[in-house]
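Worksheet for the structure shown next.
The values are calculated or read from the model by the stated rules, or taken from the named source; none is laboratory data. This structure is a prediction, so every number in the text was calculated from the model and none was measured. Please note: Cβ atoms are built from the backbone with ideal geometry, for glycine as well, and neighbour counts cover all protein chains shown. These accessible areas exclude ligands, DNA and RNA; they are computed on the full protein's heavy atoms, side chains included. Shrake-Rupley method; radii C 1.70, N 1.55, O 1.52, S 1.80 Å.
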Amino acid sequence: MRALARRRFVLAPLVVVFVPVLWSLPATLRSERMEVRTYRTHPGAAEFRAPFLRYSGEWRVDADLVRFARLVERHVPADAIIVVAGSPNATWVRELAYAVAPRLIVTGGEAGWSIERAQRGAPPPPRIDPEGSRHVGRYRLVRL
Amino acid sequence: VTLLLRFAAGVVLLYGLGAGILLLTGAWRECAGLVRALLGVFAGAALAAVVLPWFVYLGVAPAVPLVTALAAVSLAAGVVVERRRAVVERRSRPRTFSVGQIVWLSAPFVVLAVRGFAAIGGAYDAFSNWVLKAKLLYFAGNGLLDDRIIELAFATNGSLPVERAYPIGLPSLEAFVMHVTGAPGLRPVDLLAVVMLAGVAAIAVLVLRSHVTPWLLAGGIAFVGWMPAIRDQVVSGNADVPLACFWVSSALLLWRHLATRHPGELALAALFAAAAVATKREGAVYVVALWGLALIAGGGRRRPLLAAGLAVGVTAVPWRVFVAANDLRGHDIEPSAWRIAQHVERLPLILRELWQHLVDAPFFGAVPLAVVAAVLLLRNPPARRAALAYLAMTALLLLILVLVYVNTRVGAAYLLRTSLDRTLVTPSLLAAVLLPLLLAYRFGAGPSGSEADGDGERRRQTASQRNRRIPIAANTAANAARIPSSGSAAEAPRPRTMASWRPSMR
């Protein structure tokens, strides 16, 4: 009886630290495997090294924003200032600011470039843009 | 592969920086193998987070040449001090873990590193603040001569309303890792966070291994490593996991210092505390709470503790001077008595949300589990001080969080919803790291004497016993009452398990 009680005292703390781990392990590994697999299916985002992937009920990647950020990197010099027409708290503005750094994203004032995002469902911009702007999906880059 | 090799080179540089610290503090002799390696890298990261901002303020980029020079100075100083130290007898250090235990406790960190490398997450705060600043520091080149970049790195990206008054210790450290890897993104930052979490595990092994059985210790470390809430935060790019790692390490080392009175442990605790202050503003408040509790619990000889606390405060002077000179103010949170009085009706909401998160599955209920274990220990006189210390620390951490949410300038409901997942990482990490110790006290699951047998009778003596020349076998009960550490007191009835104080630490 005494040996049984002693063994129980040895096993009890192990149960406390092992059970939560073993209980959650399958779900944790499944979730992380899904995360890795999702990222693999969006090589553009991974290559760009920007955190365009985030979890909000389902895995979403704004592929247009990824392609647009790469376009900005290609065409806008590193020391440029870009004015963005949008709320500074909008996630896409923050993501873009991070992705195109050290290019400076501002929401007002003097700038050499401008970025706009059209409303969802708005008519697509003309194929030949008279201002010489470039666009990807709803995002548009204009040299001022 | 190139990124991994370059990251490994950065880790080696941080190890050089930290190895000097370990030699200077005498911790080098306390550990070996993987624990020493991880502790060295972690101490190097802490030192870099403290020191690199000073150079950034002076206009020197946190790049490879600077860290190499700092590592060389640190190593040279460490070697000189170590050579002057008295030679102590070489002991055969028994193996702490079996192969199975090593596999079990290291698995979560390996899987987490793979996740951090393969799936680049990143939370809103990471790419709008922490990693953004690191990226800007990285792009600033060899000297921060571009005023625009300086303004951005210290403040925010243009007119985006990001907290401007945050310290830049973590962005500076991350910028160094970006310099080494050549990758200004989240991937090296995620890997660095994994290394930091492994560093806390190394310190837990160092501090707890003589109090807890190997399987319980391995299980406790795996408990930390597999906790979903901590894993998600490690790969988020947020500053909360580094803050938690630095602060919990400081708490563990300070706790050990109260038992051994070894100045090296106090110095290491102060280094990690300074790194916590350099990481986030909450870090400063947490460190004040920790030092206050240590001063109350530590009994006599408060002067070394006060001196260490003062040194931690001095490390934050450049940051505070910069904030004062530029009149930077908090955007989301700014403490004021008026705000507390105005927002006091938010308390029920805040407490309810806190409780729901603490018992939530992603946190494994670590805090409630540890609190229950500690409360049960209150009836056990030898372990009462350990239990009280843990309960007081947790209560202070949660009180600080409540005050933060009461003082918010934005909606409390919004801030709670978007930030509790990360702000609760520090109390949860503390609870998870200390849970094996509390359980060991509660269920008597200390090691069966193998470590004590390996190091001989002298290691079973406590510092106070040797100083006062009290025979250990005849005085375990008196010793339990005298030693400030509750850990030593708790084990007093079982002298064979009391093997944490080594001759080299004196």
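Largest first, the residues B:Tyr166, A:Tyr98 sort by 1.4 Å accessible area into B:Tyr166, A:Tyr98. Rounded to the nearest 10 Å², what accessible area does B:Phe364 have for a 1.4 Å probe in the complete protein model? Per-residue accessible area (B:Phe364): approximately 20 Å².
You can think of it this way: the chain between B:Ala395 and B:Asn380 has 3.4 nm of extra reach, that is 0.36 nm per residue less the Cα-Cα gap.
Which residues, if any, in segment B:202-223 lose at least 20 square angstrom of accessible heavy-atom surface (probe 1.4 Å) when the other protein chains sit next to their chain rather than the chain being alone? In segment B:202-223, residues shielded by partner chains: B:Trp215, B:Leu216, B:Gly219, B:Phe223. Normalised per residue, the accessible area of segment B:362-432 is 36 Å², obtained with a 1.4 Å probe and no contribution from ligands, DNA or RNA.
Let me know the shape class of segment B:283-393, please: from the alpha-carbon gyration tensor, a ≥ b ≥ c as square roots of the eigenvalues, rounded when a/c is under 1.5, otherwise prolate if a/b is greater than b/c, or oblate. Judged from the Cα gyration tensor, segment B:283-393 comes out oblate (a/c at least 1.5, b/c at or above a/b). Taking a sphere under 9 Å around the Cβ of A:Ala85 and counting the other residues whose Cβ falls inside, with K and R at +1 and D and E at -1, yields a net charge of 0. Under the convention that each Lys and Arg Cβ holds +1 and each Asp and Glu Cβ holds -1, the size of the dipole of segment B:330-395 around its Cα centre is about 420 debye. Paramagnetic label reach from A:Leu29 (point 7 Å along Cα→Cβ; backbone nitrogen cut-off under 14 Å): within segment B:187-226, residues B:226.
Let me check I've understood the local charge: for B:Arg36, count other residues with C-beta under 10 angstrom from its C-beta, Lys and Arg +1, Asp and Glu -1. What total comes out? Computed value for this residue: 0. B:Thr426 contributes about 0 Å² of solvent-accessible surface, heavy atoms of the protein only, 1.4 Å probe. Maximal additional length on extending the B:Leu403-B:Leu351 stretch stands at 17.6 nm, based on 0.36 nm per residue less the C-alpha distance. Think of each Lys and Arg Cβ as +1 and each Asp and Glu Cβ as -1; about the Cα centre, that makes the dipole of segment B:250-398 roughly 640 debye.
Using a probe of 1.4 Å, the accessible surface attributed to B:Asp240 totals some 10 Å² when neighbouring protein chains are kept in position. Taking Cβ atoms as reference points and 14 Å as the exclusive limit, the residues near B:Ala77 contribute a net charge of +2, counting Lys and Arg as +1 and Asp and Glu as -1. Summed over both chains, the contact between B and A buries some 3900 Å² of accessible surface at a probe radius of 1.4 Å.
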